[in-house]
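Engineer: Before we start, here is the structure in question, set down as structure tokens.
The values are calculated or read from the model by the stated rules, or taken from the named source; none is laboratory data. The shown structure was predicted, so the numbers you read here are calculated from the model rather than taken from an experiment. Cβ sites come from the backbone with ideal geometry, for glycine too, and all protein chains shown count toward neighbours.
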């Protein structure tokens, strides 16, 4: 976030825990980033293990459903500009949106 601010971009914050994205919104973000859900799900999150998702990494529908129901599973931050989005890991990747 600070990298974007330092480059004159005021990012819009989405409080995903307060207002979790829907499955449809997650699908759109995935398309914008060019990623499958298994590429931006937090595999080290306790809920990932509790839900037994390790064996479902090839099931996009199930992952989108679980990410919408359990937003802690969503890797972040995700930066969006226009029709482009990028996963900000490492943080320097957000500069690709400039």
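Engineer: Here are the criteria: (1) under 15 Å from the mean Cα position of the chain (by Cα); (2) within 24 Å of residue 15 (Cβ to Cβ); (3) modelled with pLDDT of 85 or more. Tell me which single one residue 47 does not satisfy.
Structural biologist: The failed condition is (1).
Engineer: Continuing with this model, one more query. Counting only residues that are under 13 Å from the mean Cα position of the chain (by Cα), loosely packed, with under 10 Cβ neighbours inside 10 Å and either in a helix (DSSP H, G or I) or in contact (Cβ under 8 Å) with a residue 24 or more places away in the chain (or both), how many does the range 6-23 have?
Structural biologist: Qualifying residue count, the range 6-23: 1.
Engineer: Confirm whether residue 86 is in contact with a strand residue (DSSP E or B) (Cβ under 9 Å, 6 or more places away or on another chain), touching a residue at least 40 places away in the same chain (Cβ under 8 Å) and surrounded by 15 or more Cβ atoms within 10 Å (Cβ to Cβ).
Structural biologist: Spelling it out, residue 86 is indeed in contact with a strand residue (DSSP E or B) (Cβ under 9 Å, 6 or more places away or on another chain), touching a residue at least 40 places away in the same chain (Cβ under 8 Å) and surrounded by 15 or more Cβ atoms within 10 Å (Cβ to Cβ).
Engineer: Let me ask something else about it. Can you run down the residue pairs with Cβ atoms below 9 Å, 6 or more apart or on separate chains, where the first is in the range 51-68 and without any contact (Cβ under 8 Å) to a residue 40 or more places away in the chain and the partner is exposed (fewer than 14 other Cβ atoms within 10 Å of the Cβ) and part of a loop (DSSP other than H, G, I, E, B)?
Structural biologist: 53/43; 54/43; 57/43
Engineer: Still on this model: Residue check: is residue 77 crowded, with 16+ Cβ neighbours inside 10 Å, at negative phi and modelled with pLDDT of 95 or more?
Structural biologist: No, not satisfied.
Engineer: Does at least one position in the range 25-42 carry a residue that is part of a helix (DSSP H, G or I), at negative phi, surrounded by fewer than 14 Cβ atoms within 10 Å (Cβ to Cβ) and more than 13 Å from the chain's Cα centre (by Cα)?
Structural biologist: No, the conditions are met nowhere in the range 25-42.
Engineer: With loosely packed, with under 13 Cβ neighbours inside 10 Å and part of a helix (DSSP H, G or I) as the only criterion, which of 92, 62 stands out?
Structural biologist: So the residue among 92, 62 that is loosely packed, with under 13 Cβ neighbours inside 10 Å and part of a helix (DSSP H, G or I) is 92.
Engineer: Tally the residues that are more than 16 Å from residue 28 (Cβ to Cβ) and surrounded by fewer than 18 Cβ atoms within 10 Å (Cβ to Cβ), restricting the search to the range 65-74.
Structural biologist: So the answer is 2.
Engineer: Let me ask something else. Quick one: in the range 1-16, which of the residues that are in contact with a helix residue (DSSP H, G or I) (Cβ under 9 Å, 6 or more places away or on another chain) and under 14 Å from residue 78 (Cβ atoms) is modelled with the highest pLDDT?
Structural biologist: Taking the candidates together, the pick is 16.
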